[in-house]
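**Student:** Below is one structure. I have some questions about it.
The values are calculated or read from the model by the stated rules, or taken from the named source; none is laboratory data. Model, not experiment: these values are computed from the prediction. Neighbour counts run over all protein chains shown; Cβ positions are idealised from the backbone, glycine included. Protein only, heavy atoms only, side chains kept; ligands, DNA and RNA dropped before computing areas. Shrake-Rupley method; radii C 1.70, N 1.55, O 1.52, S 1.80 Å.
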Amino acid sequence: MASAPWAEIREKFQAALALSRVELHKNPEKEPYKSKYGARALLEEVKALLGPAPEDEDERPQTDDGVGAGDHALGLPAEAVEAEGPIAQGAVRLAVIEFHLGVNHIDTEELSAGEEHLVKCLRLLRKYRLSHDCVSLYIQAQNNLGILWSEREEIETAQAYLESSEALYNQYMKEIGSPPLDPTEHFLPEEEKLAEQERSKRTT
């Protein structure tokens, strides 16, 4: 992780989430996305503090992050690889930020940029997508991509993402079954993480 204090990173992330939740009508009439842009700036700060994506010896140039080529897009079975160690944890935290940046850009009607961030999220999580720590985030990113493509009236692409998301969820529940980590928990201290019962509510 970068040398920035972990408490500072957590604080900026939580502030970004709070701004993201501000309802549009509470913004100035001439600046309906003011809170969204504020949240985006904080997320970009967190991304910079986290540093670049960790190097992975298994990483190779990818052309398969779109639907139709990658196994995650086709919904083929994944292997449960836990996100353990600093490289994996760094990748997962960065993926959380890419996810929220993706949703942020979609909320401000910048769909191409939103797609780019969500695809980066999937790429970072690819090998960990069936793990307890990552499956919920991966599924949410796929669902958002499915919605994005449906808004473009690209129904086959949207359906591929949504079916892949459903297949991964079913595989996770069959093979692992415990309520997965909520994506926001990656930026919470251990004592503030959700109880299993609360996680279960968020996945139903």
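**Student:** Could you list, in their original order, any pairs among Lys36/Lys127; Lys47/Lys127; Lys127/Lys174; Lys26/Lys120; Lys34/Lys120 whose Cα atoms are separated by more than 28 Å?
**Tutor:** Lys36/Lys127; Lys26/Lys120
**Student:** Of the peptides 179-186, 167-174, 147-154, how do they stack up when ordered by the mean number of other Cβ atoms within 10 Å, highest first?
**Tutor:** Top to bottom by mean Cβ count within 10 Å: 179-186, 167-174, 147-154.
**Student:** Note down the nm distance, to one decimal, between modelled labels 7 Å out along Cα→Cβ at Ile87 and at Glu175.
**Tutor:** That separation, rounded to one decimal, is 2.1 nm.
**Student:** Hey, another quick one. State the percentage of accessible surface on the stretch 90-196 attributable to carbon and sulfur atoms; use a 1.4 Å probe and exclude ligands, DNA and RNA.
**Tutor:** In the stretch 90-196, the share of accessible area belonging to carbon and sulfur is 46 percent.
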